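Structure record follows, encoded as structure tokens.
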Amino acid sequence: MEYWIAFFVGGLICGLAQFIIDRANVAQIHMVAVLVSFGAILGALGVYDSLVSVAGAGALLPMSGFGYLLVKGIWSHGTEQGWTNIGAGIFQFVGLELSFTIVLSFFAAIIWKPRG
Amino acid sequence: MRLAGKQTWVFDDVYLQATGTAVGPFEANGPLGEEFDVVHHDLYCGEKTWELAERRLMKEAIDVCLQKGNVTANDIDFFLAGDLLNQNVTANYTARDLPIPFLCMFGACSTSMETLAVGSALVDGGFARQVLTATSSHNATAERQFRYPTELGVQKPKSATFTVTGAGAALITRKKSRFRITSATVGRVIDAGLKNPLDMGSAMAPAAAHTIEQHFLDLGRSPADYDLIVTGDLSRVGSVIVKELLMEAGYDVTVNYNDCGLMVYRPDQATFAGGSGCACCAVVTYGHLLKEMEKGTFRNMLVVATGALLSPTMMQQKQSIPAIAHGVVIEAAGRGSRWNIG
Amino acid sequence: MSLRKNYQHAVKQFQPKPSYIANSLKAFISGGLLCACGEALRKLYMNGFNVSAVNADHLMMLTIILLAVLFTALGVYDTFSQFAGAGATILLSGFANSLASAAIEHRSEGWVGGVANQMFKVGGAVIVYGVVVAFVLGVVHYIV
């Protein structure tokens with residue numbers, strides 16, 4: 001059952017994004033930026049949290065999940081020490097993925113040439 | 001007066017002495033694969049980077065052309081060349097290795113006919129005895145300069161074109177050969193106000209139609225005077241539009257019109273709307289169409305190379321795409337020295 | 001409608017339209033399948049390897065990134081994207097693809113000016129918009 005939910009939620013986000021890309025003539029790069037911002041806002045509203053608990057990977061893998069994790073990082077870091085702490089935890093939940101992507105890309109560039 | 005009408009040059013004694021073509025793997029697998037002089041089965045052409053590969057293609061096209069024309073680089077008076085890359089690097093670096101005075105030209109994908117027209121004018125005007133022209137493009141260099149990294153997953157629309165990997169060179173002289181260059185129409189920059197860089201066919205069609213019409217007006221001719229009217233890289237989208245535009249102006253080109261971008265690939269090759277790039281018009285004209293003319297399939301043709309003068313920066317600033325088209329008429333000369341098709 | 005009178009409008013009838021339904025369906029199925037695979041990986045790490053839920057999420061995402069970078073380097077990911085569209089580009093794997101493709105593409109310009117500086121050429125927008133929006137929301141959260 002979880003697989004079906006992940007399939008439907010993830011698929012729906014992708015299908016909808018594709019429809020907007022085609023219909024409104026948006027560049028795919030722009031769509032990704034919009035999606036990240038959207039995920040961050042939904043995360044702040046608390047909606048995305050419940051979506052992740054239901055759909056799992058179906059909500060985490062689309063880039064809206066990335067925005068959600070950024071907000072989650074900021075908020076979970078707490079603001080007890082005052083405003084100086086606002087951005088401190090921003091990469092708490094995606095820092096690992098981000099560094100991993102950068103390092104892997106770097107090593108990929110060492111090993112492989114573009115194939116065209 | 002060699003200027004006929006508004007923007008057409010009429011030449012007395014100019015001949016295409018020899019041509020050379022070099023292409024990459026996609027073109028080699030296409031329907032015209034057999035007709036090119038040098039064929040590479042690797043997109044890198046044995047070089048380290050895409051840019052070096054493109055330079056090698058141009059160099060090889062020139063070498064073949066000189067060899068077929070039975071001349072050495074020292075015999076050439078002027079070299080006219082251009083390509084798609086910033087600062088025309090391929091042309092400039094190729095010229096660096098040649099002992100020939102050099103004029104660099106940029107007309108985007110119209111460069112092939114631009115160099116041919118200006119070269120013919122130089123020869124006909126007595127400013128040169130032999131002129132060498134060359135142009136090149138490479139799918140990966142164009143992709144990374146005008147669009148995105150080659151491995152980036154971006155879905156392209158059906159209207160997108162596929163840049164031809166290849167280079168074409170031509171030798172223009174006064175010495176009689178089988179092919180005479182009789183006239184050339186220099187185009188105006190036409191901007192139809194379109195902004196989609198992934199649909200260059202619709203952006204360039206008005207420029208092509210304008211040049212073809214002006215050509216007919218200047219010389220008092222009609223489409224029936226040509227066995228073939230061929231455009232450079234309007235692709236499946238633009239070729240329909242240009243026919244429609246000419247029809248509205250009262251010129252029916254439906255029977256003798258074709259587009260180089262449609263000839264260079266098979267329909268089942270994943271090339272979207274067809275081929276584009278400087279090399280598209282150059283390799284098809286120099287490699288395929290001239291051989292057909294030699295066989296007698298047609299006696300004369302009007303080659304209109306179309307260029308979209310776009311830049312990624314201007315696209316990001318929401319500017320529209322200006323386009324240009326240059327036409328050159330090539331006719332089979334009755335008797336002449338044997339055409340070296342190699 | 002005459003092309004000569006109003007080109008920008010009349011030309012639309014000659015321009016091919018994307019097949020909206022087919023494209024969206026392809027994106028739905030490819031994206032959905034990828035997400036289901038991600039879910040399967042998560043379950044596998046949690047139940048098979050006894051990893052905590054949080055770490056299973058991390059491991060799942062890292063696996064997807066690893067595969068995306070690998071397929072990018074092998075020159076397969078762009079072909080897949082042409083088919084799947086948003087089903088491949090708007091996922092985390094698409095982000096990994098944007099970084100890896102830019103890094104690999106620019107290796108010819110050197111390790112610093114090429115690979116390092118150009119790596120975020122396409123994927124940078126994600127970081128910038130993500131951080132800006134998240135930071136603003138953080139400020140709002142602090143004030144409210």
Here the residues within the range B:63-119 that are surrounded by fewer than 21 Cβ atoms within 10 Å (Cβ to Cβ), of a type in the set (Ser, Thr, Tyr) and closer than 19 Å to B:Ala140 by Cα are B:Tyr93
Residue hits (the range A:16-55; under 22 Å from A:Phe91 (Cβ atoms) and in contact (Cβ under 8 Å) with a residue 40 or more places away in the chain) are A:Leu51
Exercise. Just a yes or no: is a residue in the range A:25-33 crowded, with 24+ Cβ neighbours inside 10 Å, facing chain C (nearest Cβ under 7 Å) and among the aliphatic types (A, V, I, L, M)?
Worked result: yes
Residue check for B:Glu151: crowded, with 24+ Cβ neighbours inside 10 Å and within 22 Å of B:Cys280 (Cβ to Cβ):
no
When restricted to B:Leu43, B:Leu52, the only residue among the hydrophobic types (A, V, I, L, M, F, W, C) and part of a loop (DSSP other than H, G, I, E, B) is B:Leu43
So, first residue at the interface with chain C (Cβ under 7 Å from one of its Cβ atoms) in the range A:93-116, second residue small (Gly, Ala, Ser) and surrounded by fewer than 21 Cβ atoms within 10 Å (Cβ to Cβ), Cβ within less than 8 Å, six or more apart or across chains; the pairs are A:Phe106/C:Ala116; A:Pro114/C:Gly75; A:Arg115/C:Gly75
Per the list (1) under 15 Å from the mean Cα position of the chain (by Cα); (2) more than 18 Å from B:Leu116 (Cβ to Cβ); (3) away from chain C (no Cβ under 14 Å), residue check on B:Leu234 breaks on (3)
Of the residues in the range A:66-86, those that are crowded, with 16+ Cβ neighbours inside 10 Å and either touching a strand residue (DSSP E or B) at 6+ places or on another chain (Cβ under 9 Å) or touching a residue at least 12 places away in the same chain (Cβ under 8 Å) (or both) number 12
Out of curiosity, is B:Val304 touching a helix residue (DSSP H, G or I) at 6+ places or on another chain (Cβ under 6 Å) and surrounded by fewer than 24 Cβ atoms within 10 Å (Cβ to Cβ)? no
Restricted to the range C:47-83 and to residues being aromatic (Phe, Trp, Tyr) and farther than 13 Å from C:Ser98 by Cα, the residue surrounded by the fewest Cβ atoms within 10 Å (Cβ to Cβ) is C:Phe49
The residue from A:Val26, A:Val9, A:Val54 that alone is assigned to a loop (DSSP other than H, G, I, E, B) and farther than 30 Å from A:Asn85 by Cα is A:Val26
A:Val52 vs (1) more than 7 Å from chain C (Cβ to nearest Cβ); (2) in contact with a Phe, Trp or Tyr (Cβ under 6 Å, 6 or more places away or on another chain): all pass except (2)
The range B:231-342: strands (runs of 3 or more DSSP E) wholly inside it with 1 or more residues that are among the polar types (S, T, N, Q) are B:257-259, B:300-308
Scanning the range B:50-86 residue by residue, those more than 20 Å from B:Phe36 (Cα to Cα) and acidic (Asp, Glu) turn out to be B:Glu51, B:Asp75, B:Asp77
Only one of B:Ala169, B:Ala142, B:Ala134, B:Ala184 is buried (at least 20 other Cβ atoms within 10 Å of the Cβ), more than 7 Å from chain C (Cβ to nearest Cβ) and either among the aromatic types (Phe, Trp, Tyr) or farther than 24 Å from B:Leu85 by Cβ (or both), namely B:Ala184
Among C:Ile29, C:Ile21, the single one that is touching a residue at least 24 places away in the same chain (Cβ under 8 Å) and at the interface with another protein chain (Cβ under 9 Å from one of its Cβ atoms) is C:Ile29
Residues of the range B:94-114 being closer than 16 Å to B:Trp9 by Cβ, outside any loop (DSSP other than H, G, I, E, B) and within 9 Å of the chain's Cα centre (by Cα), in sequence order, are B:Met113, B:Glu114
- Say whether the condition of being touching a strand residue (DSSP E or B) at 6+ places or on another chain (Cβ under 8 Å) and closer than 15 Å to B:Asp227 by Cβ is met by at least one residue in the range B:276-284. no
Residue count, the range B:297-309, condition within 19 Å of B:Leu228 (Cα to Cα), at pLDDT 90 or above and out of contact with any Leu (no Cβ under 7 Å at 6 or more places or on another chain), comes to 6
Within the range B:206-217, the residues that are touching a residue at least 60 places away in the same chain (Cβ under 8 Å) and either touching a Ser or Thr at 6+ places or on another chain (Cβ under 9 Å) or outside any helix (DSSP H, G or I) (or both) are B:Ala207, B:Ala208, B:Thr211, B:Ile212, B:Gln214, B:His215, B:Leu217
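The values are calculated or read from the model by the stated rules, or taken from the named source; none is laboratory data. Just so it is clear, the model here is predicted, and its values are computed rather than measured. Backbone-built Cβ (ideal geometry, glycine too); neighbour counts: all protein chains shown.
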